[in-house]
Amino acid sequence: MENADRKAGLQQVAKLAGVSLSTVDRVLNERGSVSDNKRRKVLQAARTLGLRRLLPSATHGLLRFDLLMVDSATDHFRRLAAGFNQEAQLLRSRLVLQQHRWDERYPEQLLELINTPHTTRQGLLVVAQDTPQIRHALQSQIAQGIPVVLLTTSLSDLPGATYIGIDNNVAGRSAARLLSHWANLDAGSVLLITNSLLYHAHQQRVAGFLQVLHQRAPQLNVVGPIECYDDPTRSAHAVRDAVMLHDTIAAIYDSGSGSSGIRAALLELDIRPVWIGHEATPEHAALLREGLLSLVLDQDPEGQAKAAIQHLLYANGDLEEPPQTAPQLRIVIEETLAV
């Protein structure tokens with residue numbers, strides 16, 4: 001009877017995984033060669049059905065994860081890369097993190113990295129622009145059974161992928177709510193600077209910011225969004241042009257990373273609007289202490305790296321439970337800075 005029950009359980013696993021009974025036997029008893037994709041399906045089915053036995057790893061040898069990040073010198077991506085390096089070092093006996101950079105001016109570089117991996121991959125971590133071509137390429141990877149994690153910025157329509165990052169709409173809404181409560185904002189214009197609206201994260205931050213600001217401070221005129229591509233020179237020009245055309249700039253919200261340019265323009269024009277930016281960095285700590293920057297929203301890149309690696313380990317059967325950690329949206333003001 002026990003053998004019959006065991007066979008019935010294995011048949012359920014085979015049916016749920018969409019493979020043969022012999023494939024289930026080879027995976028669970030580690031006999032013969034089975035593709036990584038089928039191994040993942042069998043093990044996921046076994047976990048879903050609560051099969052009572054010790055399950056093997058979905059992959060023999062080291063797991064290989066591809067990390068495709070935009071080639072950016074901003075502090076956020078430096079922190080994100082450092083977070084992944086730390087995770088890879090801690091887990092070096094189990095995984096290899098293969099890091100690649102792509103130039104956001106040439107999205108075809110990202111497409112090539114997605115479509116033509118240098119080695120077999122068991123997971124894909126990617127910072128991507130929200131375009132049909134990139135969504136199609138990533139959907140193809142998902143169809144092949146490759147777990148895909150979207151970092152920092154989600155995509156508008158990619159079923160099967162997992163997003164690891166803060167809620168960017170909430171970040172934009174939070175910026176507007178905080179700004180609307182600031183003193184001396186009875187009139188004037190708000191300058192809205194962003195990176196590139198090809199990124200879903202910035203679309204969401206801008207949309208959330210505009211929605212709440214129009215509700216909470218309808219008296220304020222919004223200038224933008226102006227795409228400055230994290231370029232300090234473009235950001236400085238945006239500030240100067242806004243002052244020239246609209247005279248009173250009561251506040252600035254920068255959803256990207258052009259702070260050195262904004263600082264230069266504010267000092268040159270000798271104005272001190274409310275200024276909300278993103279990321280807890282040494283540069284922003286100095287600006288908070290200087291009194292130019294009012295508040296910073298941080299998206300916890302170190303937490304993103306940890307949660308992303310844990311998710312891929314879970315997807316490959318190396319963790320029995322889904323990751324419990326998640327990146328946290330943090331508010332930083334001068335008073336919360338370390339001494």
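Assorted remarks:
- Restricting segment 307-330 to residues that are buried (at least 19 other Cβ atoms within 10 Å of the Cβ) and touching a helix residue (DSSP H, G or I) at 6+ places or on another chain (Cβ under 6 Å), the residue that is nearest to residue 86 (Cα to Cα): 309
- Restricting segment 29-46 to residues that are of a type outside the set (A, V, I, L, M) and assigned to a helix (DSSP H, G or I), the residue that is modelled with the lowest pLDDT: 36
- Residues of segment 225-240 that are surrounded by fewer than 20 Cβ atoms within 10 Å (Cβ to Cβ) and outside any helix (DSSP H, G or I): 226, 227, 229, 231.
- Residues in segment 86-124 that are part of a loop (DSSP other than H, G, I, E, B) and of a type in the set (S, T, N, Q): 5 in all.
- Residue in segment 47-84 that is surrounded by the fewest Cβ atoms within 10 Å (Cβ to Cβ), counting only those that are among the β-branched types (Val, Ile, Thr) and at pLDDT below 90: 48
- The numbered conditions (1) within 21 Å of the chain's Cα centre (by Cα); (2) more than 30 Å from residue 271 (Cβ to Cβ) are all true for residue 321 except (1).
- Restricting the search to strands (runs of 3 or more DSSP E) fully inside segment 125-216 and requiring at least 2 residues that are touching a strand residue (DSSP E or B) at 6+ places or on another chain (Cβ under 9 Å) and surrounded by fewer than 22 Cβ atoms within 10 Å (Cβ to Cβ) gives 162-164.
Each row is one residue, and each column tells you yes or no for (1) part of a loop (DSSP other than H, G, I, E, B); (2) touching a strand residue (DSSP E or B) at 6+ places or on another chain (Cβ under 9 Å); (3) closer than 25 Å to residue 97 by Cα.
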site: 267; (1), (2), (3): no, no, no
site: 285; (1), (2), (3): no, yes, no
site: 293; (1), (2), (3): yes, yes, no
site: 308; (1), (2), (3): no, yes, yes
site: 317; (1), (2), (3): yes, no, yes
site: 321; (1), (2), (3): yes, no, yes
site: 325; (1), (2), (3): yes, no, yes
site: 328; (1), (2), (3): yes, yes, yes
site: 338; (1), (2), (3): yes, no, no
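- Taking the numbered list (1) aliphatic (A, V, I, L, M); (2) surrounded by 22 or more Cβ atoms within 10 Å (Cβ to Cβ); (3) within 18 Å of the chain's Cα centre (by Cα) in turn, residue 252 passes all entries but (3).
- Any pair with Cβ under 6 angstrom, 6 or more apart, that starts in segment 284-295 at a residue that is in contact (Cβ under 8 Å) with a residue 12 or more places away in the chain and within 11 Å of residue 336 (Cα to Cα) and ends at one that is surrounded by fewer than 20 Cβ atoms within 10 Å (Cβ to Cβ) and of a type in the set (Val, Ile, Thr): 295/333
The values are calculated or read from the model by the stated rules, or taken from the named source; none is laboratory data. Quick caveat: nothing in here was measured; it's all calculated off a predicted structure. A quick note on method: Cβ atoms are made from the backbone with ideal geometry, for glycine too, and the neighbour counts reach across all protein chains shown.
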